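Some notes on the structure that comes next.
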Amino acid sequence: MIAVAVLGHGVVGSGVVEVLERSRASISKKAGTDLYVKKILDIRDFSHLPYGHLFTKSFDEIVSDPEIRVVVEVMGGISPAFEYVSAALRAGKSVVTSNKELVAAKGAALVQLAREHGQNFLFEASVGGGTPIIRPLHQSLVADEIDEIVGILNGTTNFILTKMIQENMGFDEALKIAQKLGYAEANPAADVEGLDTCRKICILASLAFGSHVYPDTVEMQGITNITLEDIQYAEDENCVIKLLGQTRRIDGKCFVSTGPCLVSKESPLARVDDVFNAILVRGEVTGDVVFYGKGAGKLPTASAVVSDIIDCVTAEGPIATLQWSDSDGSNVIDAREDVCPRYLRCRGKGLLAKIGAAFGEVHILRRPGKPADEEAFTTAPVSGYELEEKLAALASQGVEVLSNLRVWRP
Ligand code: HSE
């Protein structure tokens, strides 16, 4: 028999308990041993639940219990999650988490600590919810060199953008529906300002390229400034707007970026709607592989956590393929070095001449009801440095830039 403790009884924590209780027999069969939840840590009162007797407010009770071999951290946040996870690993327990904030901030240190203590620190649910991506990256695709990963990694923002694209709905109304359906984080800023996607692409880049990528070294833009006008102009380019996390290997370093992009309708990512996530992994010899599934929600995420618990129980020591080194940030290039086409929407007088002088040939876009002092266009590939110069030239001529997005073409 192997006992499991769950730290946090929120949406994911209660889902983990539900999955483990509901499917205890089949999960135990797959794990080769009887798996059961012995303790749940939460400061709130859940004594009314059928399993109310399992709750404790004392982490010491969990960390000092030799029967507990796997600790599931689903509290979220860095502290006290980091201290609890570190203490559990030091006490010789494996740890499973869905906490992307923790993995993005402390992943290299925690994977290393787990190895020092002969344990595992697993986090499949931290990216893609119920969509497998961590295990495929370090197991199925381990023989290949990864060149690029591009993903729709946040269900809430994909749901909002889908409502804007398909129903012509404004941002605020779409966000309210996403919150009502329970997709958004408690604080939706992490979703809509891009931080959630940024943390997830950092985790994928760290794993794929072998050095930790810290979120504060990464270019980040959210979707709060995307308007229905941008959606209409994108349509004229045969594109949709999607919030992408992107990373590419470049001369031993990597480019990492989070932001809304115009995505060609020819791309499989353009057809990923609602709360779904999709992650395109481009391997040097494998080519493109796309992972698609529910990126949020109680039971899909809980299922990913439980599969990690089974991996912890069946693994013979630390899983060799799951590791990367810490870094000082020099592994990430300045995002302005990246060269890609841009979508720009501007307001001002005499725009066509000024745009032509700055960018040369561009593709001017149309939308119904376009005011005379507004133009939107896509450019030839341009680096971030060149773009800064051109935008400064436009600003000096009284042109206001309303939108500035990357165009991602597969
Ligand atoms: N708020 C996140 C999302 C939850 O919408 O994708 C899963 O990480």
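Brief remarks follow.
- Those residues of the stretch 264-304 which are farther than 30 Å from residue 235 by Cβ and within 16 Å of the chain's Cα centre (by Cα), in sequence order: 300, 301, 304
- So residue 166, is it modelled with pLDDT of 95 or more, in a helix (DSSP H, G or I) and open to solvent by 30 Å² or more (accessible area, probe 1.4 Å): yes
- Those residues of the stretch 308-327 which are more than 13 Å from residue 94 (Cα to Cα) and in contact with a strand residue (DSSP E or B) (Cβ under 9 Å, 6 or more places away or on another chain), in sequence order: 322, 324, 325, 326, 327
- When the stretch 169-206 is filtered for residues that are assigned to a helix (DSSP H, G or I) and over 20 Å from residue 244 (Cα atoms), the ones remaining, listed by number, are 172, 173, 176, 177, 179, 180.
- Pick from the stretch 103-145, criterion of a type in the set (S, T, N, Q) and within 15 Å of residue 93 (Cα to Cα), ranking: nearest to the ligand (Cβ to nearest atom): 120
- Flag: residue 241 does not match the condition of being crowded, with 22+ Cβ neighbours inside 10 Å, under 23 Å from residue 111 (Cα atoms) and touching a residue at least 40 places away in the same chain (Cβ under 8 Å).
- Exactly one residue among 83, 61, 67 is open to solvent by 50 Å² or more (accessible area, probe 1.4 Å) and over 23 Å from residue 115 (Cα atoms), and that residue is 61.
- Test: residue in the stretch 144-152 that is in contact with an Asp or Glu (Cβ under 7 Å, 6 or more places away or on another chain), over 30 Å from residue 314 (Cβ atoms) and open to solvent by less than 40 Å² (accessible area, probe 1.4 Å): no
- Hits in the stretch 191-214 - residues which are in contact (Cβ under 8 Å) with a residue 60 or more places away in the chain, within 16 Å of the ligand (Cβ to nearest atom) and either hydroxyl-bearing (Ser, Thr, Tyr) or open to solvent by less than 30 Å² (accessible area, probe 1.4 Å) (or both): 194, 196, 197, 198, 200, 202, 203, 204
- Residue within the stretch 323-338 that is open to solvent by less than 60 Å² (accessible area, probe 1.4 Å), assigned to a helix (DSSP H, G or I) and touching a Cys at 6+ places or on another chain (Cβ under 8 Å) present: no
The values are calculated or read from the model by the stated rules, or taken from the named source; none is laboratory data. Quick caveat, the model's predicted, so the values are computed rather than measured. Note: ideal-geometry Cβ built from the backbone for every residue, glycine included; neighbour counts use all protein chains shown. Side chains are part of the model used for accessible areas, which takes the heavy atoms of the whole protein and leaves out ligands, DNA and RNA. Shrake-Rupley method; radii C 1.70, N 1.55, O 1.52, S 1.80 Å.
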